[in-house]
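Before any comments, here is the structure.
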Amino acid sequence: MKKIPLISIFSLMTILLLALTSGAAAAKVSYEYGELVVLYQNAGKLKSSTTVYFFYGDGKEIRAHQSENDPRGLESRRAAFKEFIESYSQQKYTPEDPSIIAVLNTLGNDGWEMIQFSGTQASCTGSLPPQSTYLFKRQR
């Protein structure tokens, strides 16, 4: 019967121990969560406003709000999205027509992954303004 050298047994045990501990370390991934809320409001026949909030981390918040004399609300949305992107990225935003897609891309480029979306439409009674809520996570 052939004897196995002691160094081979030691090497095998070391490899086994490393494999077990590396698997346990990979399971300890932690995430940071964030919530993006976009609120659209019409106040009167001509006035519209858009507010964008992003809550994340330990009470951190980025907020952008714009109000315009625009019955469709398109200009207030573009201005609020542009202000949000500039505040979040701390850089001047250059594209002409910012949209919610540009906001989502900005967050995605920073490692945020959207995990849930919820949207409400304007009700017939007009009591609730349209609102979109996006939930995000990113690895710490």
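Derivation of every value follows stated rules applied to the coordinates shown; laboratory data play no part. For clarity, every value in this text was computed on a predicted model and none was experimentally measured. Note: ideal-geometry Cβ built from the backbone for every residue, glycine included; neighbour counts use all protein chains shown.
Structure notes:
- Pick from the stretch 24-62, criterion over 23 Å from the mean Cα position of the chain (by Cα) and in a strand (DSSP E or B), ranking: nearest to ILE100 (Cα to Cα): SER48
- If the condition is being in a helix (DSSP H, G or I), farther than 12 Å from SER48 by Cβ and not polar (S, T, N, Q), then the stretch 63-104 contributes PHE81, LYS82, GLU83, PHE84, ILE85, GLU86, TYR88, ILE100, ILE101, ALA102, VAL103, LEU104.
- Of the residues making up the stretch 71-115, those that are touching a strand residue (DSSP E or B) at 6+ places or on another chain (Cβ under 9 Å), surrounded by 13 or more Cβ atoms within 10 Å (Cβ to Cβ) and of a type in the set (Val, Ile, Thr) are ILE85, ILE100, VAL103.
- Matching residues in the stretch 34-48 - criterion: being farther than 16 Å from ARG78 by Cβ, crowded, with 18+ Cβ neighbours inside 10 Å and hydrophobic (A, V, I, L, M, F, W, C): LEU36
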